[in-house]
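Written out below as C-alpha cells is the structure these notes cover.
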Amino acid sequence: MDQFTINLLFVGASFALYIGIAVWARAGSTSEFYAAGRGVHPVTNGMATAADWMSAASFISMAGLIAFTGYDNSSFLMGWTGGYVLLALLLAPYLRKFGKFTVSEFIGDRFYSPTARLIAVICLIVASLTYVIGQMTGVGVAFGRFLEVSNTLGLLIGAVVVFAYAVFGGMKGVTYTQVAQYVVLITAYTIPAVFISLQLTGNPLPMFGLFSEHTASGQPLLERLDQVVDELGFNEYTVHHGDTLNMVLFTLSLMIGTAGLPHVIMRFFTVPRVADARWSAGWALVFIALLYLTAPAVGAMARLNITELMWPEGTDGQAVSVEQIADDPEYDWMATWQTTGLLGWEDKNGDGRIQYYNDADADMQARAEEEGWEGNELTNFNNDILVLANPEIANLPGWVIGLVAAGGIAAALSTAAGLLLAISSAVSHDLVKGRFKPDISEKGELLSARIAMAGSIVFASYLGLNPPGFAAETVALAFGIAAASIFPALMMGIFTKVNNHGAVAGMLTGLIVTLVYIFLHKGWLFIPDTNSFTDADPLLGTVKSTAFGAVGAMLNFIVAFTVSKMTAPIPQEVNDLVESVRVPKGAAAAAADH
C-alpha cells in the first residue's frame, strides 16, 4: 500500500470519528452550545482542555522553532507551561464560581458596565482571530503535505472540516471531539519520538534520550549536536545567544497571555462545580506534560538527523549529492515536501551537491570561498514542517507517517474549534443578546452563534493564506494581545477594587498600544510590506513584537489603577460580589444565570 493511501486511511478515519461525535453530541440549547450543559467530568474536561491548548503551534511548530534555534526558543516551553499553571491557580476556579458563560460576561458584570463588556468582546475577537490564523496556517501545512496538494488547497479543505463539526456541535460536540483529538495527537507525537530516540540513543523515553549518549558517535547527544552545528557556522544549540531582556519579556508575555486566553478559560465553565474546575486544571497539566516533555527531544534529534542527512560523510566531508537526493529512498521526503512549497534547495555553484551551512558566518564564508561554494543551498526549510516530516526523515514505517498526519491535523483542528467557539459565543451571547437584542429567542441566539463561527472561519482562512509568521510565531502574537488586554482585566476583576472606568481605560490602552506595535513590525492588519520595522531591528530597543504583550499588560495595569483612583469607587454590591467570588464557601452553588 502506498504512503498516500495510508495517509488517507488515517486522516479519513479521524475525520469520520470527529464528525460522528459532533453529530452524536450536537448542541440543542445555548447552555450546551456555550458550556456543554455544565456536565463534563473533570478528567474528560482535562483531556479536552489539553487538546484545546496544544494547538498546531505546540504539535507542528514548537519543536521546529526549538530545533533551528535551540536554547533561546525554550521560552515557548517555559511561557506556555508556566502560564497554564497561572491560569489554573489564579483564574479558573474564581471564574467558574462566578457562574457565567463567557469571559466578556464576567468582565461586564464585575465592572458593572456594558462598555467594559463590549471592549472585552473586541479584545477577545482580536486575540482569537490572530490565534486562529496560526491554526489555519498549521492546517494548511498538514493537509498540503499528507493529501499531496498545495498549501492553499490544504488550508481550504481544513476550513471545510472545521466548519462541519464545530458549527453544529458547539461546546458539547467540540468537548468530546477534542477528547478523541487528544488521544490521536498525543499518540501521533510520542510514537515517532520513541522510535527516533531508540535509533539515536537506544533509550525508548525521548525526554531521557535527550540527555543520553549518541550511539553512533559515543558522545552525549546534546554535545554531539552542539559540535555539528558549530562546525557548520550555526550557533551552539545549548547556549543562550539572544537578548536576555527580550527573552524575559517574551516568556512573561506567553505566561500571562496563556492565562488570558478565552477559549481555554471557557473550558472551565463546562464542569459542574468549582472543585471540578481545579481538578480539570490538574488533569490538563498532566496531559499537556506528556507532549511538552517530549518536544525538546523531538527538536534536538530532528536537527541532528537533518544535518547528518545533508552531510552524510560528516561536516568535513562532501555534502549530499543532487543525484543521491533524487535516487536514494532515504531522501524521498525531500521531494515530497518540495511540492508543498515549504522545502527547497538549489545547486547554486553547479557542483552537483547541496551544501547546507550558515553562509553569514565569517569562518564558513572563508571555507566557502576555498571550496567554491556560493551560499547555503538548502534555500527553504519551513519550521512548521519539522514534526510532520520527522518520521520520514528518520525513515520510519508508513503507518507512523500516517499517524503523524492524523495527529498534526487533530492538533490544529481542536484548537481552531475552541477559538471559533470563543468568538461565536462573544458575538452571539455578548453582542447580539447582551447588547443589541436582549429578547432574542434561544433558537435565534444559536443561529447567530453559528453564523458568527462560519464568518470567522472564512476570515481566518483568508488571513491564513498569508500569515505574519510561522504557526507558533503567529500564535505568540495572539498571546501578546491577550496578555495586554484580557489578563489584566481578569486579575483586577478578581483581586482588586478597580472600577469600571479604570478597567475600560486599561483594556483600551493595552489593546491599542500592543496592536500598533505588532502592526508596525508585521504589517498593518498583517498585510505584507506595510511594516515600518522588523523583529530583527525593532522599534523599542531589543523588544520584538512577539514580546511586547508584557509591556502592554504593564501599561494596562498602570492606566487602570490611575484612572480608578481618579474616579468614583466601585459600588458596595459589586464589592460584595468580588468578596464572595474569592471566598471558597458556597463554591458548589455557582450560578448558571444568563
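The values are calculated or read from the model by the stated rules, or taken from the named source; none is laboratory data. Quick caveat: nothing in here was measured; it's all calculated off a predicted structure. So basically every Cβ, Gly included, is an ideal-geometry build from the backbone, and we count neighbours across all protein chains shown. SASA here: full protein model, heavy atoms, side chains in, ligands and nucleic acids out. Shrake-Rupley method; radii C 1.70, N 1.55, O 1.52, S 1.80 Å.
If one takes the longest principal axis of the Cα atoms in the chain, at what angle in degrees, from 0 to 90 and to the nearest 10, does the Cα axis of helix 442-464 lie?
30
Looking at Ser58, Leu508, Leu232, which one has the Cα that reaches farthest to the positive end of the dipole of the chain (charges on Cβ: Lys, Arg +1; Asp, Glu -1)?
It is Leu508.
Give me the angle, in degrees from 0 to 90, between the Cα long axis of helix 244-259 and the longest principal axis of the Cα atoms of the chain, rounded to the nearest 10.
Once rounded, the angle reads 50 degrees.
In square nanometres, what is one fourth of the surface area of the convex hull spanned by the alpha carbons of the stretch 373-467?
Spelled out: convex hull of the Cα atoms, projected over all directions, averaged, 9.6 nm².
Extension gain Ile527-Val286, at 0.36 nm per residue separation less the Cα-Cα distance, in nm?
82.9 nm
Computed over the Cα atoms of the stretch 165-257, what is the ratio Rg over Rh, Rh following Kirkwood?
Taking Rh as the inverse mean 1/r over Cα pairs, Rg/Rh reads 1.16.
Within the chain, count lysine pairs with alpha carbon atoms under 24 angstrom apart where the residues are 8 or more positions apart or belong to different chains.
Count of close lysine pairs: 16.
Rounded if a/c is under 1.5, else prolate if a/b beats b/c, else oblate: with a ≥ b ≥ c from the C-alpha gyration tensor eigenvalues square-rooted, which is the stretch 210-257? It would help to have the intermediate numbers written out before the result.
Working: a/c = 4.73, a/b = 2.08, b/c = 2.28.
Oblate, since a/c reaches 1.5 and b/c is not below a/b.
For a quick check of understanding: with a 1.4 angstrom probe and all protein chains in place, what accessible area in square angstrom does Asp537 have, to the nearest ten?
110
Summing -39500 (n - 2.57) over the DSSP H runs of n ≥ 4 in the chain and dividing by its residue number, what mean residue ellipticity at 222 nm do you reach, to the nearest 500 deg cm²/dmol?
-22000 deg cm²/dmol
Sorted by accessible area with a 1.4 angstrom probe, largest first, how do Met554, Met47 fall?
Details: Met554 95, Met47 35 Å².
Correct descending sequence by accessible area is Met554, Met47.
Take each of the peptides 131-138, 143-150, 238-245, average the number of other beta-carbon atoms within 10 Å over its residues, and list them starting from the highest. Before the final figure, lay out each step's value.
On the way: 131-138: 31.4, 143-150: 21.2, 238-245: 13.0.
Per-residue Cβ counts within 10 Å, averaged per peptide and sorted highest first, yield 131-138, 143-150, 238-245.
Quick one: what are the phi-derived ³J(HN,Hα) couplings along the stretch 133-140, Karplus 6.51/-1.76/1.60 with θ = phi - 60°, whole Hz, x for glycine and proline?
4, x, 5, 5, 4, x, 4, x
What are the residues whose amide H is under 5 Å from the amide H of Asn349, where those residues sit 5 or more places off or on another chain and H is modelled from the backbone?
Residues meeting the amide H criterion: Glu374.
Specify, per residue and in Å³, the volume enclosed by the convex hull of the alpha carbon atoms belonging to the stretch 284-389.
Expressed per residue, the convex hull around the Cα atoms of the stretch 284-389 is 126 Å³.
Between Gln324 and Leu153, what is the label-point separation in nm under the 7 Å Cα-to-beta-carbon projection?
3.3
Enter the angle in degrees (range 0 to 90, nearest 10) between the Cα long axis of helix 274-292 and the first principal axis of the Cα atoms of the chain, meaning the one along which they spread out most.
Approximately 10 degrees, to the nearest ten.
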